[in-house]
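The values are calculated or read from the model by the stated rules, or taken from the named source; none is laboratory data. Owing to the predicted nature of the structure, the values given are computational and were not obtained by experimental measurement. Don't worry about glycine lacking a Cβ; one is built from the backbone with ideal geometry, like all the others, and counts go over all protein chains shown.
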Amino acid sequence: MPYALVTGSTSGIGAAFARLLAREGYDLVLVARDGQRNEALGAELTASVRVKVEVMVADLSTEQGRALVEERVADHTRPIEVLVNNAGFGLRESFKNSTLADEQAQLDVLVTAPLRFAHVALPAMLARGRGFIINVGSVAAFIPANTYSSAKSYLTVFSEALSSQLAGTGVRACVVAPGYTHTEFHERAGMDMSALPEFLWLDATAVAEQAWRDCKAGKALSVPGGQYQVLSTLARYAPRPLVRLAALRRPGPRLRD
């Protein structure tokens, strides 16, 4: 049975992808920092869907953690057919008040890890003529708000370029760009989300399902939710001074300055 590897699998969009791919018949490799919660999810899926689950504890902001995952991805005796780069976090502080160590850790998790894992996974996928690389980006990629949005912008362009390069190979790459989604992301970052209207929230399961449908259909970019399809289009095509102004006035998390 083919394997799917999901990073950041303990909650939110990552857990939703894990459950979806288990139902699709994939054995799983679940990667997260929280081993206890990862083990609990693995036990749940083994019992309910009867799939094999490997649990890996790895901090992707460290070279050691990334190397551990790369070693598993490179194991051609148990090839990875679906790679979901979902792990991520945001910083509460603005760039002028953040620490360099925190900024580097965020960049390594959001950019370095997905790039390296995709590069390691591709040779075997190309040799088999099939595979999926799904990068979880954000609509923040289209808004010049902070270094989180900058990293997601890199991931978006990288994914779209990779999708074009892989045309005709049987391997597909796509990026999903959700908006605000009910996960633990903002709570972990200490962000106050009380000002965000309810209609802007997305469901993690719906995000994963839409991304999977779009990637299988060959789309390079998946934007779940009609509200975010409209907002992302406006952000991409509106005059940049207006987009920058809107970014300063957007609802949602308040950064500590």
Does at least one position in the range 129-142 carry a residue that is part of a helix (DSSP H, G or I), without any contact (Cβ under 8 Å) to a residue 12 or more places away in the chain and either out of contact with any strand residue (DSSP E or B) (no Cβ under 7 Å at 6 or more places or on another chain) or closer than 27 Å to L200 by Cα (or both)? no
Quick check on this structure: which one of E103, E81, E44 is farther than 23 Å from Y148 by Cα and assigned to a helix (DSSP H, G or I)? E44
Here are the criteria: (1) in contact (Cβ under 8 Å) with a residue 60 or more places away in the chain; (2) part of a loop (DSSP other than H, G, I, E, B). Tell me which single one F95 does not satisfy. (1)
Output the residue which, of all residues in the range 145-189 that are aromatic (F, W, Y) and at pLDDT 95 or above, is farthest from R92 (Cα to Cα). F158
Residue under evaluation D75, criteria (1) outside any loop (DSSP other than H, G, I, E, B); (2) modelled with pLDDT of 95 or more, criterion not met: (1)
Single residue of the range 47-71 satisfying the filter (in contact with an Asp or Glu (Cβ under 9 Å, 6 or more places away or on another chain) and assigned to a helix (DSSP H, G or I)) that is surrounded by the fewest Cβ atoms within 10 Å (Cβ to Cβ): E63
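Results for (1) surrounded by 18 or more Cβ atoms within 10 Å (Cβ to Cβ); (2) of a type outside the set (G, A, S); (3) closer than 24 Å to V176 by Cα, shown as yes or no for each residue.
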{"position": "G12", "(1), (2), (3)": "yes, no, yes"}
{"position": "G25", "(1), (2), (3)": "no, no, yes"}
{"position": "V29", "(1), (2), (3)": "yes, yes, yes"}
{"position": "Q36", "(1), (2), (3)": "no, yes, no"}
{"position": "E39", "(1), (2), (3)": "no, yes, no"}
{"position": "E44", "(1), (2), (3)": "no, yes, no"}
Are there any pairs with C-beta distances below 7 angstrom linking a residue in the range 111-126 that is free of Cβ contacts under 8 Å to residues at least 24 places away in the same chain to a residue that is of a type outside the set (A, V, I, L, M, F, W, C) and outside any helix (DSSP H, G or I), with the two at least 6 apart or on different chains, and if so which? none
For the range 101-110: of the residues being surrounded by fewer than 17 Cβ atoms within 10 Å (Cβ to Cβ) and either in contact (Cβ under 8 Å) with a residue 60 or more places away in the chain or not charged (D, E, K, R) (or both), which is farthest from I133 (Cα to Cα)? A101
Filtering the range 190-222 down to residues that are touching a Pro at 6+ places or on another chain (Cβ under 8 Å) and modelled with pLDDT of 85 or more, which residue is surrounded by the fewest Cβ atoms within 10 Å (Cβ to Cβ)? A206
